[in-house]
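Since the structure comes first, as structure tokens, the remarks are kept for the end.
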Amino acid sequence: MSFQISVIIPTYNCENSINRAINSVINQTIGFEEIEIIIVDNKSTDSTRDIINEYASKYDNIIPIFLKKNSGSPSSSRNIGIETAKSDYVMFLDSDDEYDLKICDKLFNSISGDETLDFVCCGFQEESKDLNFNYGSSNFVKLENNIKLLNNLSKKK
């Protein structure tokens with residue numbers, strides 16, 4: 001099976017947020033059939049593993065990986081996800097975050113439309129009970145290293 005994007009989600013004890021994260025990938029405008037989700041669980045002790053298994057039983061493009069020992073860091077889970085990924089493009093999503101419904105489409109179209117690029121990234125929005133911040137802008141700049149980054153990374157109220 002061929003995918004446009006591999007989304008790697010490292011998890012650890014996230015039973016209260018993992019559904020929202022996974023659903024934000026499933027509902028992407030690029031089409032879920034274009035995406036594989038690689039969920040690397042870092043030896044959760046809550047019901048996270050059961051939730052992951054439930055999704056994996058419904059979707060062939062959700063690949064669960066359950067570590068036998070907690071590594072103490074999400075970086076090893078991300079690296080395992082990279083090694084497992086089948087697509088040319090990899091995105092990361094923390095288990096307590098969610099994607100904007102168009103983000104995979106926008107980033108894929110941005111990088112696949114320019115063969116000189118190796119990397120793209122974007123701003124993010126952080127929401128809490130008291131504050132709502134937007135980080136980044138929609139203005140891309142091309143750097144010498146063939147990297148496309150969002151310009152004007154700053155807090156906006």
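The values are calculated or read from the model by the stated rules, or taken from the named source; none is laboratory data. Note that the structure is predicted; figures quoted are calculated from it, not measured. Because the Cβ atoms are built from the backbone with ideal geometry, glycine has one as well, and the counts that use them run over all protein chains shown.
Only one entry in SER73, SER57 is small (Gly, Ala, Ser), in the same structural domain as GLU15 (by TED's automatic domain parsing) and under 16 Å from ILE18 (Cα atoms), namely SER57. Of the residues making up the stretch 20-60, those that are of a type in the set (A, V, I, L, M), part of a helix (DSSP H, G or I) and touching a residue at least 24 places away in the same chain (Cβ under 8 Å) are ALA21, ILE22, VAL25, ILE26, ILE51, ILE52.
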